[in-house]
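Readers should treat all values here as calculations from the given coordinates under stated rules, not as data from a laboratory. Being a predicted model, the structure only gives us computed values, none of them experimental. Backbone-built Cβ (ideal geometry, glycine too); neighbour counts: all protein chains shown.
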Amino acid sequence: MRSALIVWGGWDGHEPEGVAHLFRELLEAEEFAVTVSPTLDAFKEHDLTALSLIVPIWTMGTIAPDQRDPVLSAVRDHGVGLAGCHGGMCDAFRTDTEWQFMTGGQWVAHPGNDNVRYTVEIVPGLDHPVTAGLADFEVESEQYYLHTDPANTVLATTRFPNPTLPAEVNVPVEPCAMPQVWVRRYGRGRVFYSALGHQRRVVESGVPRELLRRGCVWAAR
């Protein structure tokens with residue numbers, strides 16, 4: 001049986017416990033044995049190399065080397081998968097550049113904050129198992145602007161600046177397609193990320209939920 005460890009905590013505004021239980025529901029439906037923990041010490045207390053998948057849900061905060069290094073090694077050296085969403089994976093531990101190297105990106109802005117309406121566009125022509133057959137969709141949430149690794153395989157994007165926002169809150173950059181869903185390799189391990197998920201309601205149904213389900217299954221060893 002495949003196994004997964006979900007570790008949640010950090011900033012409460014991202015509903016880490018609720019999102020953790022959503023991931024647990026998705027994984028248990030796929031017949032994973034799932035352990036859920038509210039402490040980063042779980043990363044050093046469990047044998048991560050025996051897992052199929054690690055799901056971090058921890059916005060901001062700090063992580064000690066003896067908590068972080070087992071995750072890096074499990075993914076990089078042993079091929080354990082990594083999957084996550086929103087700030088719980090790519091706005092965790094802002095000063096830890098090796099964490100950002102592993103995950104493939106870091107949040108830097110969300111113009112307009114919450115309740116922004118925007119479109120997520122599936123990248124055409126990839127025929128990737130995470131997005132195959134899925135269509136573009138609209139979301140009302142935080143629209144993430146990220147610094148991303150050019151080595152990522154981008155599966156979905158969103159447009160910046162957002163034409164629905166007033167000029168004073170738009171990003172002062174050239175128009176661009178900002179990655180929102182990607183996959184990558186970190187050493188031997190597969191990594192999946194979705195920028196959606198400011199709160200559980202954003203990803204608990206429809207295409208956002210299906211992206212999480214497929215992403216976890218794809219990333220898992």
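Odds and ends about this structure:
- GNM on the chain, alpha-carbon springs under 10 angstrom: the most fluctuating residue among 92, 83, 42 is 42.
- Here the Gaussian network model covers the chain, with springs between Cα atoms less than 10 Å apart; of 202, 173, 191, 173 fluctuates the most.
- Residue 218-residue 170 FRET efficiency (beta carbon distance; Förster radius 22 Å; 0.05 resolution): 0.05
- Tail weight of P(r) past 19 Å, computed on alpha-carbon pairs of the stretch 15-96, percent: 34 percent
- Short-range pairs are left out: with C-alpha atoms under 8 Å and at least six residues apart, the relative contact order of the chain is 23 percent.
- Three-way shape label, the stretch 80-137, alpha-carbon gyration tensor, a/c 1.5: oblate
- Cβ-to-Cβ counts within 10 Å put 89, 60, 1, 102 in ascending order as 1, 60, 102, 89, the fewest first.
- Highest-fluctuation residue, 55, 130, 36 considered, GNM on the chain with Cα pairs under 10 Å: 36
- For residue 156, neighbours were defined as the other residues whose beta-carbon sits under 9 Å from its Cβ, and their charges (Lys and Arg +1, Asp and Glu -1) total -2.
- Ranking of 3, 141 by count of other Cβ atoms within 10 Å, fewest first: 3, 141
- Angle of helix 206-219 to the longest C-alpha principal axis of the chain, folded into 0 to 90 degrees and rounded to 10: 40°.
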